[in-house]
Amino acid sequence: MADVTYRDSVAEGIAREMRRDPAVVCLGEDIGAAGGVFKTTVGLFEEFGPERVWDTPISEQAIVGAAMGAAMTGMRPVAEIMFSDFLACCWDYLANEIPKVRYMTGGQVTVPLVVRTANGGGLGFGAQHSQAVENWALTVPGLKIAAPSTPADVVGLMASAVRSDDPVVFFEHKGLLASKGAPAPDDHVVPFGEAAVVREGGDVTLVALASTVPLALTAAERLAADDGVAAEVLDLRTLIPLDVAAVLRSLERTSRLVVVEENPYQGGWGGTVVSVVADEGFELLDAPVRRVAGANVPLPFADALEDQVIPTVDKVVDAVRSLTTY
Amino acid sequence: MADVTYRDSVAEGIAREMRRDPAVVCLGEDIGAAGGVFKTTVGLFEEFGPERVWDTPISEQAIVGAAMGAAMTGMRPVAEIMFSDFLACCWDYLANEIPKVRYMTGGQVTVPLVVRTANGGGLGFGAQHSQAVENWALTVPGLKIAAPSTPADVVGLMASAVRSDDPVVFFEHKGLLASKGAPAPDDHVVPFGEAAVVREGGDVTLVALASTVPLALTAAERLAADDGVAAEVLDLRTLIPLDVAAVLRSLERTSRLVVVEENPYQGGWGGTVVSVVADEGFELLDAPVRRVAGANVPLPFADALEDQVIPTVDKVVDAVRSLTTY
Amino acid sequence: MTDATAATGLLALHETMAVIRRTEKAAHDLFMSGLVKGTTHLAAGHEAVAVGARAALRDGDYAFATYRGHHHAIAWGATPEECLAELMQRSTGLNKAKGGSMHLTKAGSGMLGSYAIVGAHLPMAVGAAWSARLRGTDQVAVAFFGDGATNIGAFHEALNLAAVWRLPVLFVCENNFYMEYTPIGSVTAAEHPAAGRAPSYGLPAEVVDGNDVVTVRDAVARAAQRARAGDGPTVLEAHTYRHYGHSRTDPAKYRPDGELERWLERDPLTVSAQRLREAGTSDDDIKAAEDRAAGVVDEAVAAARAAPEADLSEAFTDVWADGGAAWRT
Amino acid sequence: MTDATAATGLLALHETMAVIRRTEKAAHDLFMSGLVKGTTHLAAGHEAVAVGARAALRDGDYAFATYRGHHHAIAWGATPEECLAELMQRSTGLNKAKGGSMHLTKAGSGMLGSYAIVGAHLPMAVGAAWSARLRGTDQVAVAFFGDGATNIGAFHEALNLAAVWRLPVLFVCENNFYMEYTPIGSVTAAEHPAAGRAPSYGLPAEVVDGNDVVTVRDAVARAAQRARAGDGPTVLEAHTYRHYGHSRTDPAKYRPDGELERWLERDPLTVSAQRLREAGTSDDDIKAAEDRAAGVVDEAVAAARAAPEADLSEAFTDVWADGGAAWRT
Ligand SMILES: Cc1ncc(C[n+]2csc(CCOP(=O)(O)OP(=O)(O)O)c2C)c(N)n1
Ligand SMILES: Cc1ncc(C[n+]2csc(CCOP(=O)(O)OP(=O)(O)O)c2C)c(N)n1
Ligand SMILES: [Mg+2]
Ligand SMILES: [Mg+2]
């Protein structure tokens, strides 16, 4: 079958779930007839109509708050927050309401919803439209977090997200929208909490997520070609549940770890991965652990400046070299 | 001089700066005649009057947004967000506006403000009023972050915070408000980015912040008495700038690290500290690194349940023992 | 409805209000004696709003409340014992001692939670109403909130969305004239913090006596009828007063002299007793209802005291729908 | 003011509007040819609001704008060269190529930034006005925002706080009838998204022709006068229309047939040219002004093209007030 885009796979993943389950409804800004500013909801309005695909005002709190109320009362809403930066405008719902209500009511209510959002940089959108903020979500116990790197995973993880009885934040990477890959098979479901070994290798483990997966793969190819270094690349696919078992398994063979993450180094998800490794995997390590992460600065507009501060293939290659020569 | 409370030191610290600099003004909910719900602004309204101490509506976005606008135009606002959980209601300002505007304008504007907030648990306030959210702030490059553990540090760090030309999030720990300590000397200024060695010891380094400082100290005393283990306790005092140099210096002697943090393990600040250590301090380590952090659950109401999920002296002692017998 | 059935109905409301009042008194006393921890925001004085609203609504309708929500929980069927056990951190608590006073929830009867971030639950109620519409039921959702909540952004977003989508949701403001220790007028650019804002969303609004359970019931009934008829949301602003301070040990010194006394003359229980007498209910019957209420609460206190402490293993349940808390492999 | 000076003044405004228009055209063309990256939100059609407002205000007054802010930046004195260099990622850019189209800022002349999170800058403007009052100056602050911004919580909080504190702030809505691709009426519960909400904060409001620079100038002058007199904020809703799509390559297919054409008849430049002619300005003088504008922008394009690329070391400056980016020891 012909390759499909990551972008089209978003709409495809949602459509499959909407066909399966009438409780699935979408809401967000310009997601209806307009098909979304990233064209990730194209076709949904046409297929499912205005009672299943709802355009909203610019009211991020109302969008996610309403999704929560609907999820508590029998629906499975899929809410779009256009850019992940705007999660800050409804952070109370993500941080304080949605992830806590089940626990604080002693299990009386359940919140099966998905908040989808376009995440990450690399497109020159500047400081307020380019952030990788999966680490924000990671600070909050009670949220599941998915961040696919391929078209098939978009569909498969979307299936798991929508079917999950737990709230899911679903990060669609802006920089990957135009990328292509094999289409998802019918009924494709990728379970949460299972990292994918997307490249095998015995010298060093590269742990990646979303946009940094292709980047780590390119770096691995270059390291193989130029240095004869065999890098194993793990795609975490979800941050919660976090498949640290897969990381530790890989380290048993490679003994060297580089985490490649787009969010800033300070407070980035790599810190959580590294701290589990530095505790439970300490004896496996033969070298320091490195994190290739976003720089601790806001994201600049100019492409050349943005390259300075987000992970690049060069930076990954350099980090690995510093370990293999260790 | 008689000991003073941490609570009174907050008002004292602000008052000193207000006396020194007429550009310092306060705003927040019930901070005026009422003296704040935590009584941390008692006396300010009486001394400085309604033109320097402003009661606001329940409008966290307007509070912090207005503070930003005022800071850009010549004032040094000190904004109170009553409970740190409510930072979620104005997160856009903390995440996207305040920390980025200087950078994205190419240095055209400066935002000298302080957002003060009551942080942390241990008082049975439940899931939405008990969080330690210093890790939220850590995810955002461009914010300075202070979290004092003693009355004198409250005053000294407040002085640095208010005088800083950079935005500062100032976490006052609810569980410490009633605690007492030596009063701050006149003109006391504690610089940002300098961890304090609050207890010396050669066997293990405990890195702590705010509420976990007294906890680490108590654990250290018990370890000394029961196990003959000499724990060094570092109080980071600020998360940004982060004094990792002090941590690495201490590890040169102790070779063992336990980070004690109240925020949840997932996405907690300890991950950032540990990842620097696992990289730059790898050769110093003789044992796995452990983090005693909040559990990855919302905070439960009942005291006994809360104890299960936040760091306690017992948990710190156990973690250290697991390393010293390593 | 005959006068007699009306009176019987009203006596039941009076009794529920008495149960709430007595529960609040018990909560206060238990807090003072150290048996209730954390914080409480008592609703004594606000009873008529919760009880009147519940009386006008149907089983299956949804309610969302605030940290000051004991009265809504009880009006929606939570027992005083469940509530007090929660406050006393007992394993028999309404929320298994994981919520506390600020989060009382009785989801089984549609009371979908008490939320402690001001204003946050208004969009949730909008969502529940949207859900009712999507599922084709005629349920309505009601959000109870304070006067202070009308100044936060979520209020604005909720009212606008509900109006645009014409959803069956009721916004019921319990205007007790204070936002914590601050008179609401000093921080609000509208004389009627809730009702005064309704026109800017094209919504109908009423300002009602929140201390008269019958007035509240009738106003809510009208609003619910409009909502079920597809005519969209209504804003109700019920004027009332809290008898205790804002929370915990607040002595409410910021109140002007005589203000509390004036409001106590219009205590919701006094008002309903008066109405009952006018409808022909005897003082003995009223007293009997109040005694039953007192008895229920006294037994609840005893039962809650005797109940086992919170179960420690509960700290690690209920994060996820599978009941657990696992975050990693 | 004599007719002649009025006409001279108006000709200057016309010329500034022409500069903006030409700059937007250049930005569009440069985007299409790949020389402008990221995104742009062009303000062609909105010129009269920015230019009229600036004309009514004084040096030292503050302005806060949105991602659609080229016109405000230029009205506040940014040169087309600085702006285009920014869009083209040149080191000579207004924000050193660190901001981009959405964040044009000319702080030196009081234009304190363009913000790309809808509504976020309204509270900032309130704060700048508060600051003016605290410092005892008679400065005013103005926030420009779109119709879509009136549905977000920050709008509500800002208007209420400004009203309660009676601050010298002007809320100027550029109602272009679209929130991105969605007609504003379909998501807003008020016919006049901004002006219709003002009464609920007790604020005066006017709906004005946003394509007539004189009308805008006069309305803003009235509002500024009220603000400086201590009479608090005003809401102005200026009706206008954007000539391009919402952003980048949006072809704006969602517009009904003929809508753009109808608005083009009321193009702000057509309206001001008409006014100029009525005031006795010759067609030659008008053309000369427009030619000067074209010349300035053409030179700006050439200069921006020739300017050096962004300086890579700038990636690590300007985080902190000391100029640096150090986060650790
Ligand atoms: C977003 C937010 N800000 C502040 C608070 C702290 N707070 C709790 S109750 C309250 C006053 C609320 O007043 P009102 O809405 O009138 O309700 P009342 O307590 O009078 O019933 C405040 C400021 C909060 N819980 N949430
Ligand atoms: C909080 C937030 N939500 C959504 C967006 C995406 N967005 C950018 S512009 C826009 C439409 C704004 O419409 P309006 O306020 O009318 O301004 P206009 O673009 O018409 O000038 C939207 C939804 C955003 N930038 N910020
Ligand atoms: Mg109130
Ligand atoms: Mg618009």
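So the values come out like this:
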| quantity | calculated |
| --- | --- |
| Inter-chain shielding of C:194-205 (mean C-beta neighbours from other protein chains, 10 Å cut-off) | 3 |
| Space enclosed by the convex hull of the alpha-carbon atoms of the protein assembly as shown, per residue, Å³ | 164 Å³ |
| Cleavage-rule hits, GluC sites (Glu not before Pro), segment D:129-233, DSSP coil, Cβ neighbours within 10 Å at most 11 | D:E191 |
| Whole-Å distance, taken between Cα centres, linking segment B:109-126 and segment D:211-240 | 38 Å |
| Prolate/oblate/rounded call for chain A, Cα gyration tensor, a/c under 1.5 rounded | prolate |
| Principal-axis tilt of helix B:151-163 within chain B, Cα atoms, nearest 10 degrees | 50 degrees |
| Of C:K25/C:K96; A:K144/C:K25; B:K174/D:K106, those spanning more than 31 Å from alpha-carbon to alpha-carbon | A:K144/C:K25; B:K174/D:K106 |
| Backbone N under 18 Å from the D:A306 label point (7 Å along Cα→Cβ), restricted to segment D:74-88 | D:79-86, D:88 |
| Residue of A:L176, A:L123, A:L87 that the Gaussian network model of chain A assigns the largest fluctuation, springs spanning Cα pairs under 10 Å | A:L123 |
| Using a Förster distance of 25 Å, the FRET efficiency for A:A33-C:D231 (Cβ separation, nearest 0.05) | 0.40 |
| Size of charge dipole - chain C - debye, nearest 20, with Cβ of Lys, Arg +1 and Asp, Glu -1, no other charges | 840 debye |
| Between 0 and 90°, nearest 10: helix B:313-324 axis offset from chain B longest Cα axis | 40 degrees |
| Nearest-ten-degree value, helix B:212-227 long axis tilted from longest Cα axis of chain B | 20 degrees |
| Segment C:124-283: C-alpha gyration tensor shape, a/c 1.5 cut-off, then a/b vs b/c | oblate |
| Mean ellipticity per residue at 222 nm, deg cm²/dmol - from DSSP H runs of n ≥ 4 across chain D, formula -39500 (n - 2.57) | -13500 deg cm²/dmol |
| Cα→Cβ-extended label distance, 7 Å offset, between B:D286 and C:T137, nm | 6.4 nm |
| Simple spin-label estimate for A:R20 and C:E206 in nanometres, 7 Å along Cα-Cβ | 4.7 nm |
| Estimated FRET transfer efficiency (D:T329, A:D314; beta-carbon r; R0 25 Å; 0.05) | 0.40 |
| Segment B:24-59: GluC sites (Glu not before Pro) in DSSP loop, at most 11 other beta carbons within 10 Å | B:E51 |
| For segment D:66-83, Karplus couplings with θ = phi - 60° (6.51, -1.76, 1.60), whole Hz, Gly/Pro x | 10, 3, 9, x, 4, 5, 5, 4, 5, 4, 8, x, 5, 7, x, 5, 4, 5 |
| For D:E309, inter-copy label distances in nm, listed shortest first [label point 7 Å out on the Cα-Cβ vector] | 6.7 |
| Net charge dipole size for segment D:158-286 [Lys, Arg +1 and Asp, Glu -1 on Cβ; Debye, nearest 20] | 600 debye |
| Cα→Cβ-extended label distance, 7 Å offset, between C:S282 and A:V189, nm | 6.6 nm |
| Within 10 Å of each Cβ in C:31-42, the average number of Cβ atoms from other chains | 2 |
| Overall form of segment D:73-184 per C-alpha gyration tensor (a/c, 1.5; a/b vs b/c) | oblate |
| Kirkwood-Stokes translational diffusion coefficient of chain D, alpha-carbon pairs, 4 °C, 1.567 mPa s, µm²/s | 64 µm²/s |
| Using θ = phi - 60° and Karplus 6.51 cos²θ - 1.76 cosθ + 1.60, couplings along segment D:260-273 (whole Hz; Gly, Pro as x) | 4, 4, 4, 5, 4, 4, 9, 3, x, 6, 5, 5, 6, 4 |
| Alpha carbon centroid spacing (whole Å) that separates segment D:97-112 from segment B:194-246 | 45 Å |
| Amide hydrogen neighbours beyond the local backbone of B:R199, cut-off 5 Å, H modeled | B:V233 |
| Cα centroid separation - segment A:1-64 against segment A:149-163, whole Å | 14 Å |
| Dipole axis of the protein assembly as shown (+1 Lys, Arg; -1 Asp, Glu on Cβ), positive-most option in A:A304, A:A225, C:S109 | C:S109 |
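Read-outs: derived from the displayed coordinates by stated rules, not from any lab. Here the structure is a predicted model, which is why all the values come from computation and not from measurement. For neighbour counting, all protein chains shown are included, and Cβ atoms are generated from backbone atoms with ideal geometry for every residue, glycine included.
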